[in-house]
Amino acid sequence: PKLQSISRYALGHSIGQITALVATGALKFSDAIVFVRQRAEAMQESVKYVGGPNETGKMIALMPITPVLAAYICAELQYNHSLSGNKDIFFCDVANINSTNKS
């Protein structure tokens, strides 16, 4: 059975929001594919404003970890980069904090 026939609500986080919209019939799959591609291109383009035209950007998931420790790791990376003599722009930040109950 389709999700919309067995459930009234669906939710998701990040790309999961698109999955939820498709699963409930609020968004056609073909439109979701176009949207996801445009979203990815926009996210990649935004990295260039932080790291320069050749930057690709990186993301890492740290689990399990406290928000304080994640911020400390970013600060350490930023500090070590500044000592390295490397003139490239370096930026590290905590973008999302997941629940410790995440499965």
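Computed from the coordinates by the stated procedures, all read-outs in this text should not be read as laboratory data. Here the structure is a predicted model, which means the values were calculated and not measured. Positions of Cβ are generated from backbone atoms using ideal geometry, with glycine treated the same way; all protein chains shown enter the neighbour counts.
Structure notes:
- Theoretical gain in end-to-end length, Leu77 to Leu62 [0.36 nm per residue, Cα-Cα removed]: 4.0 nm
- Placing a pseudo-label 7 Å from each Cα along the Cα-to-Cβ vector at Phe91 and Ala40 gives an inter-label distance of 2.2 nm.
- With both labels modelled 7 Å from their Cα along Cα-to-Cβ, the Ser84 to Tyr9 distance reads 4.5 nm.
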